[in-house]
Amino acid sequence: MTERLDLPDIDWRGVSRKYVFVEVGGLVIFGLVVAAATSIPTILTGIQWLAAIPISLGIIFIINIMLTPRRVRAIGYMLRDDDLVFRRGLMFRRVVAVPYGRMQLVDINRGPLDRAVGLSELKFVTAAASTGVVIPGLPEQDAEELRDTLVALAESRRAGL
Amino acid sequence: MSELNENEQESGHAPAPEQAPTPEHAPTPENAATQENAASAEMLSALPTSARRLADGEWHRLHPATPLLRGGIALLAIIGVIIVNARDFFLEMFFGGDNGFEPFVRLANEGFLIPVILAVLAVLLLSIAGFYFSWRMHTFRITDELVEVRSGILFRTNRRGRLDRIQGINISRPIFARLFGAARLEVNVAGQDANVELAYLGSRGADELRVAILQLASGTRTADATGATGSDAASGGDQTVGLIEKRVNELLAPELDPHAVAPESIVRIRIPRLIGSLVLSEATVMAILVAIGIIVAISVSGEIFWLLAFLPGVLGFVGYLFSRLTRSLRYSISSTDDGIRIGFGLLSTSNETLPPGRIHAVEVSQPLMWRPAGWWEIKINTASQASNSAQSAAKKTLMPVGDLEDVHRVLQLILPSLADAESRALLEAGLSASAHDDAFVTSPKRARALRWFSWRRNGFAMISDAVALRKGAIWRSLVLVPQARLQSVSMDEGPLLRRMGLAELRMHTVAGPISATIGALDRSDVIEFFNEVSRSAVQSASVDTSHRWRSQNGATEATE
């Protein structure tokens, strides 16, 4: 295995382990819906080989679900002195650094699965749409604290557009 | 028309409580409200008197010809068509020659003529009343903090833009508006279609207002009074000139108000270069290929209808050429105290002012066929977007065509920190053909599979306080992102890049035609540069004061 894109000497803060359930739950539901939809042709026509579509999709989903714990472990963020660094992705690794002063707003979202295990998702929005920093799987308390911290930091380092 | 010409302040209009002329202040965290009030009075009184006329914090109306220019002309045309038809009908009615197929005749025969005429008249009166009232209800004001527009009869709209968030001011004069001596002033703030539009103003009023808005936005506390006397004298002289002569003068006058502008445009597009740039564009090649395709198709199949199939393409091509042509004709770019001013257009003109620090990314690019001529194009990303595609395309192209010297001059203008000799050398390396060992960190040899021709060129460097990304061997381009405007930076890696030990680097800027992304670079180089950029971007942003571009010099000068 070759090494991955990463920042040296950064003490990443991971997200809650419970986020694995959210991810897996979402994948299972989505996988079932997709499998059901793609098996309609087989059931209606009775052609055997059409069943390959839902089966192969199902295998992809199962591999994906098995990789979920590692993918969740790969998510990390850290508040540095002047910027927020965020990392995610196993296959498609992405590392972003956003200066606090660039913050336009912070969103906290809770999906139904998130709410079931008491997690929140924090979204850091800048003037650039491509920044895309979304930290999932934060316990509600932590997410709100992080939001307040970020807002305070942004206020103290306010920069123009 | 001449008396009504300029936007007169409405008299006898009792201000309702919510429209009290005292400027309202959005509470700013930096300044206490009392300070702001004192400062605002000072700022307003410091403006030249002519400019203060419209920017005095009171509500003003737009140019009286506005209803006509905003759709009234279409109404007139419809009325004209109806009248022409009706005239034929009445002539026939009184002089015989009955024609049973005429719509009016059929209506008359069935007894509906009078109701229809009444209905048409009612619609006419209603729309005239509508136009009149929408003009009356359309008011604007400029305080030292914001520009505010109220409009609409039934559905009232109230739009406010903060002056310190201005991304650009655009004065455009469509040909019809020019005939009436009117101009459209657009104040752009950041965001999709986030502009405060004042359409239409008197031509001179628009110029004065631009000066005033820029001055208020720049954070100047003490304005120079020299500009005021000059423009007052000019406006005094205008009174004696007749109306026709005044219009002609306005049509022929240079776009730029003389006392606010360094008169010379730093780039000139001469007609041969303009035509050459159009002929040598990719669109022309496509058009020629399509034309060959049509000819082949017709000669093989013998059917003429193939021509119809390509009609949309032909129309698109003509439209493209036309839009490029209009924004290159009489093109000018010059430096003013309040930023860069870009003007273009022959009959319908447009003139945009970009205050300093409003350009988020710059791309200097060269289509393949321009290379023998050594021409380049410059595009920019700005925070204000127009959903109208033609308008936004014009806005995003800073320089339609120019040679290397022009490129350097324009870059110096928009990124003044790149003016020193060292940066110039780096820029030249960024634009040159095949640079091998220069300051740019380029792709390693193993990236050849991903960048067949350009792996030697594909690279990045830090030029002064801007990030430079050099890309492409066939379509050469150099992307510059000033770090003070950089929103965030990321590095990305997919499975393929990971196997090859490569990574991709992305500079995130506001949306626009330029994506500052560079791929297929060595992973450790990317990580190093990522760290460098994320550190120095914070530094650059914290020392950047361009949103109040005059206050740092102006204020200190004034106190001394």
Checklist entry - On average, how many beta carbons from a partner chain sit within 10 Å of the beta carbon of a residue in B:480-491? => result 6
Next on the checklist: Please list, by residue number, every one of the chymotrypsin sites (Phe, Trp or Tyr not before Pro) in the stretch B:130-225 that is coil in DSSP and has at most 15 other beta-carbon atoms within 10 Å.
Outcome noted: B:155
Checklist outcome for this item: Mean per-residue count of partner chain Cβ within 10 Å for B:506-512 equals 5
Checklist entry - Using the per-residue mean of other Cβ atoms lying within 10 Å as a proxy for protection, in what order, highest first, do the peptides A:24-30, B:335-341, B:55-61 fall? => result B:335-341, B:55-61, A:24-30
Checklist outcome for this item: In this structure, the FRET efficiency calculated for residue B:347 and residue A:59 from their beta-carbon separation, with R0 = 51 Å, to the nearest 0.05, is 0.20
Next on the checklist: Compute the helix-to-body angle for A:140-156: its Cα long axis versus the longest principal axis of chain A, expressed 0 to 90° and rounded to tens.
Outcome noted: 40 degrees
Checklist outcome for this item: Excluding residues fewer than 8 positions from residue B:395 in its own chain, the lysines with Cα under 27 Å of it are B:379, B:471
Checklist entry - Given A:44, A:112, A:91, which one lies farthest toward the positive end of the charge dipole of chain A, if we put +1 on the Cβ of every Lys and Arg and -1 on the Cβ of every Asp and Glu? => result A:44
Next on the checklist: If I take R0 = 30 Å and measure r between the Cβ atoms of residue B:297 and residue B:371 in this structure, what FRET efficiency does the formula 1/(1 + (r/R0)^6) give, to the nearest 0.05?
Outcome noted: 0.40
Checklist outcome for this item: So the angle from the long Cα axis of helix A:19-45 to the longest Cα principal axis of chain A, reported in degrees to the nearest 10, equals 30 degrees
Item to check | Relative contact order (%) - criterion: Cα under 8 Å, at least six apart; region: the stretch A:88-148 | outcome: 29 percent
Item to check | Value at 222 nm in deg cm²/dmol, rounded to 500, when DSSP H runs of n ≥ 4 in chain A each add -39,500 (n - 2.57) | outcome: -15500 deg cm²/dmol
Checklist entry - So which chymotrypsin sites (Phe, Trp or Tyr not before Pro) in the stretch B:421-470 are both in a DSSP loop and have at most 14 other Cβ atoms within 10 Å of their Cβ? => result B:452, B:453
Checklist entry - Distance from the Cα centre of the stretch B:495-541 to that of the stretch B:259-316, in angstrom? => result 37 Å
Checklist entry - Averaged over A:83-96, how many beta carbons belonging to a partner chain fall within 10 Å of each residue's beta carbon? => result 5
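Values quoted throughout were computed directly from the atomic coordinates according to the rules given, and no laboratory measurement underlies them. The shown structure was predicted, so the numbers you read here are calculated from the model rather than taken from an experiment. Cβ sites come from the backbone with ideal geometry, for glycine too, and all protein chains shown count toward neighbours.
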